[in-house]
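As structure tokens, the structure follows; a few thoughts come after it.
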């Protein structure tokens, strides 16, 4: 099948490469020629495990190509995926300008019947809007399908190649068959492909992310309550998660969620509710709790060291909003660093992948270290923000010697408080006051 993907960002590149991997002829349309040149040489502009090798293999096999020319790409194509960004607007809604611009380009370029698939995260009703834009320009038949992505940064290839479900929004039988054929290689283990109407498919993505974000915020509030009453949040989450109705996923307290999906999608879903006369009270609370949670660590630093931090140096382990990615969009680490700088502290940072992205934001206001141990040297305290695997079992004796004060703010509860106390650390975790 000849497939066109418009947009070579995170979603578009992963989708295009994975479709090519199953033997399809894939053309990825991108406006940035420098990006096209780089991708055509097998260079990926972001960190995602495994994607570079897959990209190079499919380039070599000539199943994957990059171009600026959407008209040429659409010739003989059966399906085109829209995978461009939907950034958050000033009012919290998703900005559809890029999606609708692509719809207009498709309408101008298509030379025959076409299935147009919304892969971008878009609010309810977008499929209708895309269809109207195209139909106003082109006389050729078009079917607009909603196919939300559920990729986790750091595990995107596995999520695409072995999805736990695929959601397809369409009531057109030919489009249903085409999409079923397209996704069949990824569903051989029996995981479902769920067909529904467009609006339900569009809402499914937002609803899923909204619930996951709410679980995180709920657990962060429980962690604060554990500290207040002297309970251990690890015991509490095991007790909760053992209930089959709840389960263990997304019950880990921390410093708040970030990234490109949860914050934006929660706010967009709130906005959709407001536009339809509904106050999404639970989502509003989840968003408020998350913003508050990003400041919890610095409040604890102030409780331990005082509000004036001039003359003190803090080491930060982890800058990306989660491990296995270099994405720092709405990352809690950025909030923590800004709070420390405002209080007069010096800040040293280390992250396996995200330091260049942070350097673009903060420049030389902070110090960038080659590894975690250099980061600890002569620091008054260590703050663990992102749970990279290499942080889980470091050389604690070496850390203890390097730090000026063996104070550890464990923002992800990576370490056992009792063991850290035995090793001579002052350990401050999230909801684990009883354990110390």
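Only the coordinates and a few stated rules stand behind these numbers; no lab work does. Being a predicted model, the structure only gives us computed values, none of them experimental. Note: ideal-geometry Cβ built from the backbone for every residue, glycine included; neighbour counts use all protein chains shown.
Figures for the structure shown
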quantity	calculated
Per-bin percent of Cα-Cα distances, the stretch 296-368 [5 Å]	3, 17, 30, 24, 15, 8, 2
Percentage relative contact order, the stretch 294-428, counting C-alpha pairs under 8 Å, at least six apart	25
Difference of contour (0.36 nm per residue) and Cα-Cα distance, residue 282 to residue 164	39.9 nm
Cβ crowding within 10 Å averaged over residues, with 262-268, 244-250, 140-146 ranked highest first	262-268, 140-146, 244-250
Volume per residue that the Cα convex hull of the stretch 179-325 spans, once the total is divided by residue count, Å³	183
Relative contact order %, the stretch 283-368, counting alpha carbon pairs below 8 Å whose residues are six or more apart	31
Gain in span if fully extended, residue 69 to residue 43, counting 0.36 nm per residue against the direct Cα distance	7.3 nm
Percent of Cα pairs exceeding the 21 Å cut-off, where the set is the stretch 294-428	33
The stretch 2-196: antiparallel DSSP beta bridges as a percent of all, rounded to 5	5
Using distinct alpha-carbon pairs, which all enter the 1/r mean, Kirkwood radius of the chain in Å	23.5
The chain: angle of helix 97-109 to the longest principal axis, Cα-based, in degrees nearest 10	20
Cα shape, the stretch 2-196, gyration tensor, a/c 1.5 rule	rounded
Hull volume in cubic angstrom per residue (convex hull over the Cα atoms of the stretch 212-295)	99
Mean residue ellipticity (222 nm) of the chain, computed from DSSP H runs ≥ 4 via -39,500 (n - 2.57), nearest 500	-13000 deg cm²/dmol
